[in-house]
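The values are calculated or read from the model by the stated rules, or taken from the named source; none is laboratory data. Treat the numbers as computed from the prediction; the structure is a model and nothing was measured. With ideal geometry, Cβ positions are generated from the backbone for all residues, glycine too; neighbour counts draw on all protein chains shown.
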Amino acid sequence: MTGASRGLGREIMRAALDAGQTVVATARSADAVRDGFEVYQDRLHPVALDITDAEAAKSVAAEIVKRFGKIDVLVNNAGYAELGFFETFTEAAVRRQFEVNLFGTMNVARAVVPHMRKRRSGLIVTISSVSGLVSNAGGSVYSASKFAVEGWMEGFAQELAPFGVRSLLVEPGMLRTDFMDGKSASFGSILIPDYAEAVARYRSFVDGANGNQPNDPKLLAARIVELASQDKAPARLIFGEDAQQWASEKVDKLREELAQSADRG
């Protein structure tokens, strides 16, 4: 799994270890993964990995297969959020968002999937977001990267299905992790007076929500581990009442727009 040093990734790692699984957990710092988990040292194998390095991802996957013989489950979790209004981001910041959330996730999948195809078995768990289904002001850049992940995995899953490789897209609502603080989130750096008031309100919302998110990452982690152990995991897991509500409203809106389009012939 990737992104195991904090947040949801750390909880998934803990849940898998508590369930008796052997976990190869990656992050940019292996020491950050290991810290506090020494009791699991016989089944936890921390590895340093920057997911934007495609060759490093291939090397790690090959070493795992050489040591353990197989990879049963890939949890593609690593990512971060650019939060703010689109025009306040530099081109470099937008590209970095995609480099990590989309292309980094692709790098790891590209490294692991050949081993799964060879065995005709495996499960890819991709941590997306309800923001991969619904976008809003202040989330356009982050949502764009997650919409891309959703489109890629939805098609890729169909390509892999004939080889016995399964896919689970996880779309959480707001989780009580450090995702919205400075460790994981980044904000636009360009000051535009027209957006000043709206940006201030959005930053106030983010600051107020940080640490007060409604959903427990431990519950989601346990659910992911439970589903990963089943032979028939669902294609999607939309987690949290907020995510369920936003996704339902999006579906209703799409139905309304479909009807309106049909009426106009």
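Pairs meeting the criteria (first residue in segment 70-95 and closer than 30 Å to Ser121 by Cα, second residue of a type in the set (D, E, K, R), beta carbons under 7 Å, at least 6 apart or on different chains) are Lys70/Arg119.
Of all residues in segment 69-102, those satisfying the criterion of being surrounded by fewer than 15 Cβ atoms within 10 Å (Cβ to Cβ) and either farther than 21 Å from His115 by Cα or in contact with a strand residue (DSSP E or B) (Cβ under 7 Å, 6 or more places away or on another chain) (or both) are Asp72, Glu87, Thr90, Glu91, Ala92, Arg95. Restricted to segment 156-265, the set of strands (runs of 3 or more DSSP E) holding at least 3 residues that are touching a residue at least 40 places away in the same chain (Cβ under 8 Å) and of a type outside the set (A, V, I, L, M) comprises 165-172. Restricting the first member to segment 1-19 and to residues that are part of a loop (DSSP other than H, G, I, E, B), and the second to residues that are polar (S, T, N, Q), the beta-carbon pairs closer than 7 Å and six or more apart or on different chains are Met1/Thr26; Met1/Asn77; Thr2/Thr26; Thr2/Asn76; Thr2/Asn77; Gly3/Asn77; Ala4/Thr26; Ser5/Ser29. Of the candidates Thr52, Thr26, the single residue that is within 26 Å of Tyr142 (Cβ to Cβ), buried (at least 18 other Cβ atoms within 10 Å of the Cβ) and either modelled with pLDDT under 95 or of a type in the set (S, T, N, Q) (or both) is Thr26. Checking each residue in segment 25-78 for being under 21 Å from the mean Cα position of the chain (by Cα) and small (Gly, Ala, Ser) picks out Ala25, Ala27, Ser29, Ala30, Ala32, Ala48, Ala54, Ala56, Ala57, Ala61, Ala78. The combined condition, being among the acidic types (Asp, Glu), under 30 Å from Asn210 (Cα atoms) and modelled with pLDDT under 95, is not fulfilled by Asp18.
Residues that are over 17 Å from the mean Cα position of the chain (by Cα), of a type outside the set (S, T, N, Q), at positive phi and surrounded by fewer than 21 Cβ atoms within 10 Å (Cβ to Cβ) occur at least once in segment 9-21. Scan segment 21-28 and give yes if some residue there is hydroxyl-bearing (Ser, Thr, Tyr), assigned to a helix (DSSP H, G or I) and more than 17 Å from Tyr80 (Cβ to Cβ), otherwise no. Taking every residue of segment 21-28 in turn, none turns out to be hydroxyl-bearing (Ser, Thr, Tyr), assigned to a helix (DSSP H, G or I) and more than 17 Å from Tyr80 (Cβ to Cβ). Regarding Val60, is this residue closer than 27 Å to Leu227 by Cβ and either of a type in the set (A, V, I, L, M) or part of a helix (DSSP H, G or I) (or both)? Yes: the conditions hold for Val60.
Applying the criterion of being aliphatic (A, V, I, L, M) and out of contact with any helix residue (DSSP H, G or I) (no Cβ under 8 Å at 6 or more places or on another chain) to the residues of segment 229-265, the residue that is modelled with the lowest pLDDT is Ala262. Note on segment 236-256: residues that are basic (Lys, Arg) and either closer than 25 Å to Ala221 by Cα or touching a Ser or Thr at 6+ places or on another chain (Cβ under 8 Å) (or both) total 1. In segment 106-128, the qualifying residues are those that are of a type in the set (S, T, N, Q) and out of contact with any Gly (no Cβ under 7 Å at 6 or more places or on another chain), and the one that is farthest from Pro234 (Cα to Cα) is Asn107.
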